[in-house]
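S.K.: One structure coming up, written as structure tokens, with questions to follow.
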Amino acid sequence: MSVFIDQDTKLVVQGITGRDGSFHTKQMMQYGTQVVAGVTPGKGGQSFEDTVPIFNTVSEAVQASGANTAVIYVPPPYAADAIMEAAASGVSLVVCITEGVPVLDMTRVYAFVKERGVRLLGPNCPGLISPGQSKVGIIPGRICTPGPVGVVSRSGTLTYEVVYQLTSAGIGQTSCVGIGGDPINGTNFIDCLEAFERDPATKAIAMMGEIGGTDEQEAAEYVRDKMKKPVVGFIAGQTAPPGRRMGHAGAIISGSAGTAAEKIESFEQCGIGVAKRPMDFVELIKARLPKT
Amino acid sequence: MNLHEYQAKDILRRFGVTTPQGEVVTTPEAAREAATKFGGPVMVKAQVHVGGRGKAGGVKFCTTADEAYEKASNILGMSIKGLTVTKVLIAPAADIVSEAYVGIIVDRARKKPVFMVSAAGGIDIEEVAATTPEKIRYHAVDVRYGLMPFEALELGFFLYQDAKLARAAAKVMQQLYAAFMATGCSLAEINPLVVTPAGDVVALDGKMVVDDNELERRADLEALRDVESENPAEVDARNHNLTFIKLDGNVGCIVNGAGLAMATMDLVKYYGGEPANFLDIGGSSNPEKVVNALRLITADPNVKAILFNIFGGITRTDDVANGIVTAIKSNPLKVPLIIRLTGTNEEIAMQILKQNGLSASSDMDEAVKEAVRLAAAASGGTAA
């Protein structure tokens, strides 16, 4: 079992002929993801790697291929429109990898996708993977292995670091979900926690947050009030100066709000195990998994 | 990207907001000239990208042109929170009946632009929010419809009981919203919005922060950037597509990915060290990026040890290794280098480093500990 994607996921890739899009499409296909269509306006009728048909529009691609998920690798100025095109095409999940989407674009996009009941993951995210079943995005497949831990994170490489350590310690994952580092994203921690709580195969959850905003604090309250499964959390950015954007557009301490200290405190108060270092996840998760 | 007050006011004026026409000057002589031209009393205001200019002595009221000269010569060259003042705004001083606050931010939780208005203006709005939250009214805008006239008027009446003033304030809200959207802002505020004895509603100060993600498609906004007001190393980094933020410690950090970069800095601190910087070389593994990153870090005399932390997912660790070797050959390091790399092409990377007399660890914890220890030793102390 897993969340959001599994072996039946049928994927359409927007920007399949671009530099990033083509590289990662090959990676996803190698991993076993069912890539059923690609979209590049003007290249409709061609095929990718001689196997994946390319269409001019997402709507055509979805109708012809039966895709239920879209992944976006298009440059930032076009990403907002690409998300809305996907959301209007009939897929139920849209994953936007693109970094640099203007936040005011996202205020419109968010309203658009919510109105249609479509789940958006990202933008500015590494996507997600359900080990052994399917991956959508750019998370390296070989660092993951199937198992009982759900992983959710605002970061890319920090997730890889933690997942790699879990895998090296023999602890596998149901799904690893990167929700992205932007201030407005389609899926938040609570959405993922809710999905992991419902997924019978997930026995414990590892979450990696960072400075900026209040998503982690709200997630902590959700864990306290609504969840039975154990959660271990980490917050990056304890040494970040206020008012500076730490790489991710959303990783900024505004005034006195959104600090690592306040997030860690709310984790502690809500019964979330706090990993002080990324490497602490292994022991903390191990201690919380049911003994076999 | 922060805009200067004078830039924000220029934009607000274009959208119809009444704000005193000031003049930006860089010398005390020009300050006197501008004050003479305006006639009456003027304000001399430092143009720097920090809050609390007034408290730091960067904003002064002057009754005469000579006084403007004197105050401008004090403020120009002054350092406010580490930034040197090179420009001052000379603006006619206004008589004030009341001061209000009007601001818009992109609210992350509501995922909408949100107005914040308060009749308690002229001071730090965070302080008002913390001590007297009932004095602030919030209003989230549905961007598909924009700020509707009745909504703007509700906000206007929250500020003023007088209908004429409320209508004037409502107009300012609409104008501020239009400016905010058209300028791709993440924040725009007027503080204070004042009522003059003549009954005019006037913006005495303006602040705008442009979303960095707008700059690529908006050359008109990028042109407003004041490179002089930024840290030179950070400008250099941006020109080479690196994200760099200078800090005060002695362990230089070069990491791929923002989350891992923050976690690495935190781990340096955890082991008793202090990070010298945040530096994200990003997902691509162009060796040139590594060369530029090392150049930036070694330019900081506080750096006593350099730590690479690379998790090769998309990034190929052999590219990073090649970058390190190239950089060191052309510019040998004077401080110890600690490399941690793991992931894509790790074996090749280790081989490249070994052939060039370097070594690397695959363990993040160990590498950070070692970097902290070496930096402390070089600084003549010991790690805590």
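The values are calculated or read from the model by the stated rules, or taken from the named source; none is laboratory data. Quantities reported herein were computed from a predicted structural model and do not represent experimental measurements. All Cβ positions, glycine included, derive from the backbone under ideal geometry; neighbour counts span all protein chains shown. Only protein heavy atoms, including side chains, enter the accessible area calculation; ligands, DNA and RNA are left aside. Shrake-Rupley method; radii C 1.70, N 1.55, O 1.52, S 1.80 Å.
S.K.: So, B:Arg32, is that one open to solvent by 30 Å² or more (accessible area, probe 1.4 Å) and within 30 Å of B:Ala170 (Cβ to Cβ) or not?
M.R.: No: the conditions fail for B:Arg32.
S.K.: If A:Phe4 passes every condition in (1) at pLDDT below 95; (2) buried (at least 16 other Cβ atoms within 10 Å of the Cβ); (3) not assigned by TED's automatic domain parsing to the domain that holds A:Ala79 but one, which one does it miss?
M.R.: (1)
S.K.: Would you be able to say whether some residue in the range B:119-129 is more than 24 Å from A:Gly212 (Cβ to Cβ) and within 14 Å of another protein chain (Cβ to nearest Cβ)?
M.R.: Scanning the range B:119-129 turns up at least one residue that is more than 24 Å from A:Gly212 (Cβ to Cβ) and within 14 Å of another protein chain (Cβ to nearest Cβ).
S.K.: What's the total number of residues in the range A:224-235 that are open to solvent by 10 Å² or more (accessible area, probe 1.4 Å) and either closer than 22 Å to A:Pro183 by Cβ or touching a residue at least 24 places away in the same chain (Cβ under 8 Å) (or both)?
M.R.: Total satisfying the criteria: 6.
S.K.: Within the group B:Gly249, B:Gly259, which residue is open to solvent by less than 10 Å² (accessible area, probe 1.4 Å), within 11 Å of chain A (Cβ to nearest Cβ) and either more than 19 Å from A:Ala240 (Cα to Cα) or assigned to a loop (DSSP other than H, G, I, E, B) (or both)?
M.R.: B:Gly249
S.K.: Which of (1) crowded, with 22+ Cβ neighbours inside 10 Å; (2) at the interface with chain A (Cβ under 10 Å from one of its Cβ atoms); (3) modelled with pLDDT under 95 is the odd one out, the single condition B:Ala237 does not satisfy?
M.R.: Every condition holds for B:Ala237 apart from (2).
S.K.: Do we find a residue being without any contact (Cβ under 8 Å) to a residue 40 or more places away in the chain and aromatic (Phe, Trp, Tyr) anywhere in the range B:226-245?
M.R.: no
S.K.: What number of residues in the range A:179-197 are at positive phi and away from every other protein chain (no Cβ under 13 Å)? Don't jump to the end; show me each part of the working.
M.R.: Taking the range A:179-197 first, the residues at positive phi are A:180.
Adding the requirement that they be away from every other protein chain (no Cβ under 13 Å) leaves none.
Selection size over the range A:179-197: 0.
S.K.: Criterion first (β-branched (Val, Ile, Thr), in contact (Cβ under 8 Å) with a residue 40 or more places away in the chain and open to solvent by less than 70 Å² (accessible area, probe 1.4 Å)) does B:Val128 satisfy it?
M.R.: Criteria not met by B:Val128.
S.K.: Also: Only residues that are of a type in the set (S, T, N, Q) and open to solvent by less than 30 Å² (accessible area, probe 1.4 Å): list them for the range A:53-77, please.
M.R.: Listed by number, the residues that qualify are A:Ser65, A:Thr69.
S.K.: Another question about this same structure. Considering only the range A:105-128, state which residues are without any contact (Cβ under 8 Å) to a residue 60 or more places away in the chain, within 12 Å of chain B (Cβ to nearest Cβ) and either touching a strand residue (DSSP E or B) at 6+ places or on another chain (Cβ under 7 Å) or under 25 Å from A:Thr157 (Cβ atoms) (or both).
M.R.: Within the range A:105-128, A:Pro126, A:Gly127 meet the criteria.
S.K.: If you go through the range B:115-124 one residue at a time, do you hit one that is open to solvent by 70 Å² or more (accessible area, probe 1.4 Å), over 22 Å from A:Gly243 (Cβ atoms) and of a type outside the set (A, V, I, L, M)? Let's see the steps before the verdict.
M.R.: The first filter runs over the range B:115-124 and keeps only residues open to solvent by 70 Å² or more (accessible area, probe 1.4 Å), leaving B:123-124.
Next, only the ones that are over 22 Å from A:Gly243 (Cβ atoms) stay: none.
Taking every residue of the range B:115-124 in turn, none turns out to be open to solvent by 70 Å² or more (accessible area, probe 1.4 Å), over 22 Å from A:Gly243 (Cβ atoms) and of a type outside the set (A, V, I, L, M).
S.K.: Mind listing just one residue for me: the one in the range A:200-221 that is open to solvent by 10 Å² or more (accessible area, probe 1.4 Å) and closer than 21 Å to A:Leu284 by Cα and, of those, farthest from the other protein chains (Cβ to nearest Cβ)?
M.R.: Within the range A:200-221, the match that is farthest from the other protein chains (Cβ to nearest Cβ) is A:Pro200.
S.K.: Quick one: in the range A:254-281, which of the residues that are hydrophobic (A, V, I, L, M, F, W, C) and open to solvent by less than 20 Å² (accessible area, probe 1.4 Å) is farthest from A:Val163 (Cα to Cα)?
M.R.: To start, the set of residues in the range A:254-281 that are hydrophobic (A, V, I, L, M, F, W, C) comprises A:257, A:260-261, A:264, A:267, A:270, A:272, A:274-275, A:279, A:281.
Going one step further and asking which of them are open to solvent by less than 20 Å² (accessible area, probe 1.4 Å), we end up with A:260, A:267, A:270, A:272, A:275, A:281.
Values: A:Ala260: 21, A:Phe267: 20, A:Cys270: 24, A:Ile272: 18, A:Ala275: 14, A:Phe281: 9 Å.
Checking each candidate, the answer is A:Cys270.
S.K.: Same structure, new question: Of all residues being outside any loop (DSSP other than H, G, I, E, B) and more than 13 Å from chain B (Cβ to nearest Cβ) in the range A:155-177, which is nearest to A:Val94 (Cα to Cα)? Just the residue, please.
M.R.: A:Val177
S.K.: Looking at this structure, is B:Ile314 among the aliphatic types (A, V, I, L, M), within 12 Å of another protein chain (Cβ to nearest Cβ) and at negative phi?
M.R.: Values: among the aliphatic types (A, V, I, L, M): yes; within 12 Å of another protein chain (Cβ to nearest Cβ): yes; at negative phi: yes.
The answer is yes for B:Ile314.
S.K.: Right, next: Testing A:Ser89 on (1) more than 30 Å from B:Thr344 (Cα to Cα); (2) within 14 Å of chain B (Cβ to nearest Cβ); (3) not aliphatic (A, V, I, L, M), one condition comes back false. Which one is that?
M.R.: (2)
S.K.: Has the range A:224-234 got at least one residue that is within 11 Å of another protein chain (Cβ to nearest Cβ) and under 18 Å from A:Thr159 (Cα atoms)?
M.R.: Yes: one or more hits.
S.K.: Here is a follow-up. Of all residues in the range B:125-158 being aliphatic (A, V, I, L, M) and assigned to a strand (DSSP E or B), which is modelled with the highest pLDDT? Break it down stepwise before answering.
M.R.: From the range B:125-158, those aliphatic (A, V, I, L, M) are B:125, B:128-130, B:136, B:140-141, B:143, B:147-148, B:152-153, B:155; that's our starting set.
Restricting the remaining residues to those that are assigned to a strand (DSSP E or B) gives B:136, B:140.
On the way: B:Ile136: 93, B:Ala140: 97.
Among them, the one singled out is B:Ala140.
S.K.: Another question, if that's okay. Confirm whether A:Val152 is within 23 Å of A:Gly258 (Cα to Cα), aliphatic (A, V, I, L, M) and within 10 Å of chain B (Cβ to nearest Cβ).
M.R.: Spelling it out, it is not the case that A:Val152 is within 23 Å of A:Gly258 (Cα to Cα), aliphatic (A, V, I, L, M) and within 10 Å of chain B (Cβ to nearest Cβ).
S.K.: If you go through the range B:131-167 one residue at a time, how many are over 14 Å from B:Val201 (Cβ atoms), open to solvent by less than 30 Å² (accessible area, probe 1.4 Å) and small (Gly, Ala, Ser)?
M.R.: Within the range B:131-167, residues that are over 14 Å from B:Val201 (Cβ atoms), open to solvent by less than 30 Å² (accessible area, probe 1.4 Å) and small (Gly, Ala, Ser) number 1.
S.K.: Quick check on the range B:76-114: of everything there that is open to solvent by less than 10 Å² (accessible area, probe 1.4 Å), touching a Leu at 6+ places or on another chain (Cβ under 9 Å) and closer than 30 Å to A:Lys114 by Cα, which residue is nearest to the other protein chains (Cβ to nearest Cβ)?
M.R.: In this case the residue turns out to be B:Pro113.
Listed here are the residues, each with its yes/no results for (1) open to solvent by less than 10 Å² (accessible area, probe 1.4 Å); (2) closer than 25 Å to B:Asp363 by Cβ; (3) under 10 Å from the mean Cα position of the chain (by Cα).
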residue: A:Phe112; (1), (2), (3): no, no, no
residue: A:Leu121; (1), (2), (3): yes, no, yes
residue: A:Ser130; (1), (2), (3): yes, no, no
residue: A:Arg142; (1), (2), (3): no, yes, no
residue: A:Gly147; (1), (2), (3): no, yes, no
residue: A:Ser153; (1), (2), (3): yes, yes, yes
residue: A:Gly178; (1), (2), (3): yes, yes, yes
residue: A:Pro183; (1), (2), (3): no, no, no
